[in-house]
Amino acid sequence: MSRGSLTRGSLSRRSLLIGAGTALAGAAAAAGTASASPGHTIGGAGRDTPGSSWLGNAILYELYPQSFADTSGDGIGDLAGVLDRLDHLHWLGVDTVWMNPIFPSPFTDAGYDIADYTGVHPRYGTEDDVVAVVEAARRRGIRILFDLVAGHSSDQHPWFLRSLGDETDHRYIWASPDQLPEDGSLPESFVASPGPRPGAFYMNYYETQPAINYGYARSNPDEPWRQPVDAEGPRRNRAAMRQIMAHWLEMGISGFRCDMAATLVKDDPGWVETGKLA
């Protein structure tokens, strides 16, 4: 069984595409308008090298590994299945594969709740399988992009588990009890702490997806939990995401599609501060 979708030069408005030194805000990447500062092309050495922008004319194939191709017989797609079907994608004219998350996850949101950003879920394979797919795809002129779910993690991620026990940890957006309404109600999108940390955390989509703190573009006296984008927590998170991207770029992937990019920096009109993250 295979499942994916084929598009040309088009990405969701909620996306941010990041390559080695190249960024595209999803709002500007609608069909026919995709453009960027100089991008990268696949060079003879097998790595992306500086060149003209390629995304605008890319033939993108969104690939959900779980339902794409199963080689083990367990009913779940895997990286070996992707490797086996690369010739099919090449025959279709695909030159860029956008691969949905393959990272360890409790799967409360189809893998978009990540518990380890630098690992591979055993159901899909190993890091060696990632390298095999990337290298085989590159020989066919196909770039591999990973989904980077930068705006939230799983509530099972070690970052969040540590944050639950440390009121000085600003990896996530927390509101302390004195910042919350006196009547005991919670502001929209806030979830009561599962403990032991008092207060509530901000969720990005589901309650199992605590929002990673990149700060707010604007202050608001009615929401005292807001931190500026240059606070310690947001700066720490930006550094962590760069390390995560470096980990996978070193394995040869060509870039990242950033999920829900418009939600990274909160209350950010025109995504001005969000656009600076890349």
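The values are calculated or read from the model by the stated rules, or taken from the named source; none is laboratory data. Keep in mind that what you see is a predicted model, and the values were worked out from it rather than measured. Because the Cβ atoms are built from the backbone with ideal geometry, glycine has one as well, and the counts that use them run over all protein chains shown.
Tell me yes or no: at least one residue of region 258-276 is surrounded by 22 or more Cβ atoms within 10 Å (Cβ to Cβ), β-branched (Val, Ile, Thr) and assigned to a loop (DSSP other than H, G, I, E, B). Checked region 258-276: at least one residue is surrounded by 22 or more Cβ atoms within 10 Å (Cβ to Cβ), β-branched (Val, Ile, Thr) and assigned to a loop (DSSP other than H, G, I, E, B). Mind listing just one residue for me: the one in region 125-167 that is of a type in the set (Asp, Glu) and surrounded by fewer than 16 Cβ atoms within 10 Å (Cβ to Cβ) and, of those, nearest to residue 53 (Cα to Cα)? Filtering region 125-167 for residues that are of a type in the set (Asp, Glu) and surrounded by fewer than 16 Cβ atoms within 10 Å (Cβ to Cβ), the one nearest to residue 53 (Cα to Cα) comes out as 135. Could you check residue 45 against (1) among the hydrophobic types (A, V, I, L, M, F, W, C); (2) modelled with pLDDT of 95 or more; (3) in a loop (DSSP other than H, G, I, E, B); (4) more than 17 Å from the chain's Cα centre (by Cα) and say which number it fails? Every listed condition holds for residue 45 apart from (2). Residue selection: residue 193 fails the criterion of being within 27 Å of residue 271 (Cα to Cα) and either in contact (Cβ under 8 Å) with a residue 40 or more places away in the chain or surrounded by 14 or more Cβ atoms within 10 Å (Cβ to Cβ) (or both). Quick one: is residue 252 part of a loop (DSSP other than H, G, I, E, B) and either without any contact (Cβ under 8 Å) to a residue 60 or more places away in the chain or in contact with a His (Cβ under 9 Å, 6 or more places away or on another chain) (or both)? When the stated conditions are applied, residue 252 does not pass them.
Counting only residues that are of a type outside the set (A, V, I, L, M, F, W, C) and loosely packed, with under 15 Cβ neighbours inside 10 Å, region 240-257 holds 4 of them. Given the criteria hydrophobic (A, V, I, L, M, F, W, C), touching a Leu at 6+ places or on another chain (Cβ under 8 Å), part of a strand (DSSP E or B) and within 26 Å of residue 241 (Cα to Cα), does residue 97 qualify? Answer is yes for this residue. Of the residues examined, residue 170 is one that is crowded, with 17+ Cβ neighbours inside 10 Å and either within 22 Å of residue 194 (Cα to Cα) or among the β-branched types (Val, Ile, Thr) (or both).
For every residue, the table says whether it meets (1) among the acidic types (Asp, Glu); (2) in contact with a Pro (Cβ under 9 Å, 6 or more places away or on another chain); (3) over 25 Å from residue 101 (Cβ atoms).
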position: 145; (1), (2), (3): no, no, no
position: 155; (1), (2), (3): yes, yes, no
position: 166; (1), (2), (3): yes, no, yes
position: 175; (1), (2), (3): no, yes, yes
position: 184; (1), (2), (3): no, no, yes
position: 215; (1), (2), (3): no, yes, no
position: 218; (1), (2), (3): no, yes, yes
position: 226; (1), (2), (3): no, no, yes
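What residue, among those in region 100-109 that are surrounded by fewer than 22 Cβ atoms within 10 Å (Cβ to Cβ) and in contact with a Phe, Trp or Tyr (Cβ under 8 Å, 6 or more places away or on another chain), is nearest to residue 65 (Cα to Cα)? Once the filter is applied, the top-ranked residue is 100. Number of residues in region 171-213 that are under 24 Å from residue 114 (Cβ atoms) and touching a Ser or Thr at 6+ places or on another chain (Cβ under 8 Å): the value is 16.
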